[in-house]
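Reviewing the structure listed below.
The values are calculated or read from the model by the stated rules, or taken from the named source; none is laboratory data. None of these values were measured; they are calculated from a predicted model. Cβ coordinates were reconstructed from backbone atoms using ideal geometry, including for glycine residues, and neighbour counts include every protein chain displayed.
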C-alpha cells in the first residue's frame, strides 16, 4: 500500500512538470519590439513605459491596452491556439467585414511571441512580445 502511494505521488509530480512546459498563452504580454517593414527591414525596441500590453484571457478573447502616450485604442478580439508554437488572432473592430487572422509564432526557448498582421491598407506589421 505504501508503494502505491509513492507511485501515485511520483506520477502526479511528473504530470505537473509536463504541464508547466506547455505554452501558456493566457496572461499578459508586453511589446518589446516592432518591425518597420520592407523599406528598412529593421526591428526597433520599445521603451517599457511606452509598450502595449496584450492580454490573452482563458475564454479565448484578447485585448490590447495601449500605453498612455497614444491616443488611439486597439481593437479587442479572439484568439485560438493552433499548435505549441502558433496562435491565430482575429480583431473585432465592429466592422461588417471580418478582419484577416493574424498569426503569432511563439518561441519556447526565447519566451517571446511575434505577431504578424496583414492589413489591407498596409503590407504587414510585426510586433514582438514577452510574457509578463
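The table below lists the values:
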quantity	calculated
Set 103, 53: member being within 20 Å of residue 130 (Cβ to Cβ), under 16 Å from the mean Cα position of the chain (by Cα), in contact (Cβ under 8 Å) with a residue 60 or more places away in the chain and surrounded by 15 or more Cβ atoms within 10 Å (Cβ to Cβ)	53
Failed item in (1) outside any strand (DSSP E or B); (2) modelled with pLDDT of 95 or more, with residue 55 passing the rest	(1)
Residue match in the range 70-92 (condition: over 14 Å from residue 130 (Cα atoms), surrounded by 13 or more Cβ atoms within 10 Å (Cβ to Cβ), free of Cβ contacts under 8 Å to residues at least 60 places away in the same chain and in contact with a helix residue (DSSP H, G or I) (Cβ under 9 Å, 6 or more places away or on another chain))	no
Residues that are at pLDDT 90 or above and outside any strand (DSSP E or B), drawn from the range 23-52	46, 47, 48, 49, 50, 51, 52
